[in-house]
Amino acid sequence: MVRLQFSIELHYDIAPPGGDFIFNIHAAHTAQQTVVQENLQVSQAVPYDIDTDPVSRNRYLRLQAGAGHLQLLYAATVDIRHHTAAPQELGEVPVCQLPGAVLPYVYPSRYCQSDRLQKFAFKEFGHLPQGYSRAQAIRDWVLQRVSFESNTTHGSTSALDTVIDRVGVCRDFAHLMIALCRAVNMPARFATGIDYGASPVLGPPDFHAYVEVYLSHRWYLFDPSGTAIPMGFVRFATGRDAADAAFATLFGSVASGAPIIQIQAVPNGQGELVTPRHVDHALSSDGA
């Protein structure tokens with residue numbers, strides 16, 4: 001079991017008359033991820049609500065702030081008990097057998113236009129054996145053909161744009177892998193959080209986007225950007241694409257600063273320090 005301790009500090013300057021905020025920075029409660037402890041501090045004395053979506057388990061913090069400066073500090077400790085499986089044992093689930101809750105993740109969405117990439121995807125991946133290995137092949141294709149470069153894309157960049165430009169950040173890598181998976185009828189969803197173990201060359205810790213693919217009736221982790229360690233992902237939210245899982249959605253005239261994020265592995269409840277590392281087996285941090 002991995003135990004990770006982290007903190008997130010956010011700063012905003014809000015013009016009159018104020019602004020509304022929806023945050024998704026709380027660690028999700030899942031079958032495999034347990035929030036041991038957490039604390040939220042809001043600099044303005046304003047009421048707020050924290051709601052949990054009954055299907056996705058995403059936790060939304062909502063508040064209305066007045067003009068001036070707003071600081072949020074969220075800190076938590078989470079335990080992650082990964083489900084593991086041998087990749088060769090994981091198969092694709094026929095569309096006719098998918099649970100209703102999974103069906104949205106096989107359809108095209110705003111940033112993942114799988115219908116526009118279907119012909120291309122079947123040419124590249126349609127001949128491959130179905131299962132985990134095909135999802136891994138799509139992940140490898142995206143990693144090898146797209147360059148990771150900060151500040152090269154924007155909020156409206158889609159999977160189609162990334163196919164053409166071949167450059168982006170983790171969000172863009174995730175959208176492209178998701179679109180290609182869906183194009184060959186594999187359900188795939190966008191996941192956000194933070195991660196332990198990213199290379200310091202990439203800069204200070206930041207929010208991270210990755211992919212979960214539905215195989216053998218469970219969601220499995222993939223990192224198409226290749227910048228992180230899947231065992232070190234702390235899950236915040238999942239959705240069809242980034243439109244469903246933004247860490248902050250702002251309404252009003254608001255200027256934001258760069259997030260300040262810290263994360264470390266700490267001894268778990270048994271006193272054992274488990275440091276996230278790359279592994280050969282498949283990992284899931286969600287229930288079946």
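The values are calculated or read from the model by the stated rules, or taken from the named source; none is laboratory data. Note that this is a predicted model, so its numbers are computed, not measured. Note that we place each Cβ from the backbone using ideal geometry, even for glycine, and neighbour counts take in every protein chain shown.
The helices (runs of 4 or more DSSP H) located wholly in the range 120-229 that include 2 or more residues which are more than 16 Å from the chain's Cα centre (by Cα), under 20 Å from Ala243 (Cβ atoms) and of a type outside the set (Gly, Ala, Ser) occupy 159-165, 170-183. Which residue pairs have Cβ atoms closer than 6 Å, lie 6 or more positions apart in sequence or on different chains, and pair a first residue in the range 268-280 that is closer than 12 Å to Pro230 by Cβ and at pLDDT below 95 with a second residue that is of a type in the set (D, E, K, R) and assigned to a loop (DSSP other than H, G, I, E, B)? Short answer, once both residue conditions are applied: none. Mind counting the residues in the range 44-66 that are farther than 23 Å from Arg240 by Cβ and loosely packed, with under 15 Cβ neighbours inside 10 Å? Counting residues in the range 44-66 that are farther than 23 Å from Arg240 by Cβ and loosely packed, with under 15 Cβ neighbours inside 10 Å gives 6. Among the residues of the range 235-258, those identified as part of a strand (DSSP E or B), among the hydrophobic types (A, V, I, L, M, F, W, C) and over 23 Å from Ala198 (Cβ atoms) are Leu250, Phe251, Val254, Ala255. The residue list Tyr111, Tyr105 contains one member that is touching a Phe, Trp or Tyr at 6+ places or on another chain (Cβ under 9 Å), among the aromatic types (Phe, Trp, Tyr) and assigned to a helix (DSSP H, G or I), which is Tyr105.
Among the numbered conditions (1) in a loop (DSSP other than H, G, I, E, B); (2) among the hydrophobic types (A, V, I, L, M, F, W, C); (3) touching a residue at least 24 places away in the same chain (Cβ under 8 Å); (4) not assigned by TED's automatic domain parsing to the domain that holds Pro205, the only one that Ile261 does not meet is (1).
Quick check, is Leu202 at pLDDT below 95 and among the aliphatic types (A, V, I, L, M)? Yes: the conditions hold for Leu202. Would you mind stating whether Ala209 is farther than 17 Å from Leu4 by Cβ, touching a residue at least 24 places away in the same chain (Cβ under 8 Å) and in the same structural domain as Ser114 (by TED's automatic domain parsing)? When the stated conditions are applied, Ala209 passes them. Checked against the criterion of being closer than 16 Å to Phe6 by Cβ and among the small types (Gly, Ala, Ser), the range 235-250 contains one or more residues that satisfy it. Total residues in the range 236-288 satisfying the condition of being touching a strand residue (DSSP E or B) at 6+ places or on another chain (Cβ under 8 Å), charged (D, E, K, R) and within 17 Å of His82 (Cβ to Cβ): the figure is 1.
Here Val46 passes the criteria (1) touching a residue at least 24 places away in the same chain (Cβ under 8 Å); (2) touching a strand residue (DSSP E or B) at 6+ places or on another chain (Cβ under 6 Å) except the one numbered (1).
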